[in-house]
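J.: Provided herewith is a single structure, encoded as structure tokens, for subsequent inquiry.
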């Protein structure tokens, strides 16, 4: 006799993902940072509903360290602006 966990139900197989799949938050962040005007921490916080420290952590951890993207920042009138500097991605050591 098989033992079932309380509340466990049989799950139907997930349908194959269609091509109209929503982009991930990570991909949306990359798209915002690739724009010519870049993005500020407040813009990214508002777009994702994240706290500023979470945005900075995602830029540092996911984009720079894990994906090896070259994210640069500069001081502008509207605050510090972050961009992905194309063509200068870090090389693997």
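The values are calculated or read from the model by the stated rules, or taken from the named source; none is laboratory data. If you're wondering where the values come from, they're calculated on a predicted model, not measured in any experiment. Virtual Cβ from ideal backbone geometry, glycine too; neighbours counted across all protein chains shown.
J.: Filter the range 43-56 down to the residues that are loosely packed, with under 15 Cβ neighbours inside 10 Å and over 16 Å from residue 24 (Cβ atoms) and list them by number.
T.: 46, 51, 52, 53
J.: Sticking with this structure for a sec: Could you please give the count of residues in the range 32-51 that are part of a helix (DSSP H, G or I), under 16 Å from residue 83 (Cβ atoms) and touching a helix residue (DSSP H, G or I) at 6+ places or on another chain (Cβ under 9 Å)? Steps first, please.
T.: Going residue by residue through the range 32-51, those that are part of a helix (DSSP H, G or I) are 32-34, 41-48.
Filter again for under 16 Å from residue 83 (Cβ atoms), leaving 32-34, 41-44, 47.
So of that shortlist, the ones also touching a helix residue (DSSP H, G or I) at 6+ places or on another chain (Cβ under 9 Å) come out as 32-33, 41-44, 47.
Of the residues in the range 32-51, 7 are part of a helix (DSSP H, G or I), under 16 Å from residue 83 (Cβ atoms) and touching a helix residue (DSSP H, G or I) at 6+ places or on another chain (Cβ under 9 Å).
Here is a yes/no grid of residues against (1) surrounded by fewer than 11 Cβ atoms within 10 Å (Cβ to Cβ); (2) modelled with pLDDT of 95 or more; (3) assigned to a helix (DSSP H, G or I):
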{"site": "12", "(1), (2), (3)": "yes, no, no"}
{"site": "18", "(1), (2), (3)": "yes, no, no"}
{"site": "27", "(1), (2), (3)": "yes, yes, yes"}
{"site": "30", "(1), (2), (3)": "no, yes, yes"}
{"site": "58", "(1), (2), (3)": "no, yes, yes"}
{"site": "81", "(1), (2), (3)": "no, yes, no"}
{"site": "86", "(1), (2), (3)": "yes, no, no"}
{"site": "89", "(1), (2), (3)": "no, no, no"}
